[in-house]
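Below is one structure, written out as structure tokens, with a few remarks after it.
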Amino acid sequence: MEAVKIIFMGIGSFLSVLAFSFTVFQYWRKKQEEKFSELKNETRNSITRMGERVTSLEQSVVRNFENRLSVIEGELRGIKPILQSIQNWFITNTPGKQ
């Protein structure tokens, strides 16, 4: 009878330790899932902010590029009459083929 009590106590102890270990594991798993979920949210927010920054940067670069092209176009328009007068001077002052 004593042997049966010891066996049942051993089985009971084993089941108690197993249940406690399972509870600890479930708690740990839940904490890991919460950390992973938090990491996903932080990553998603970071990507969103980065997308907004890239969009802002893109708009700024396009604006600056358009402004520079406008300036270059204006300078080219100003140079055109000078280049035409130089071309005309060479045409009028270069002796023709004989």
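Some observations on this one:
- Being over 45 Å from the mean Cα position of the chain (by Cα), among the aromatic types (F, W, Y) and surrounded by 10 or more Cβ atoms within 10 Å (Cβ to Cβ) is a property that W28 lacks.
- Cβ pairs under 7 Å, 6+ apart, first in segment 67-80 and of a type in the set (F, W, Y), second surrounded by 10 or more Cβ atoms within 10 Å (Cβ to Cβ): none
- Of the residues S60, S70, S46, the single one that is small (G, A, S), on the phi < 0 side of the Ramachandran plot and over 25 Å from the mean Cα position of the chain (by Cα) is S70.
- The combined condition, being over 41 Å from the mean Cα position of the chain (by Cα) and assigned to a helix (DSSP H, G or I), is not fulfilled by L39.
Computed from the coordinates by the stated procedures, all read-outs in this text should not be read as laboratory data. None of these values were measured; they are calculated from a predicted model. Don't worry about glycine lacking a Cβ; one is built from the backbone with ideal geometry, like all the others, and counts go over all protein chains shown.
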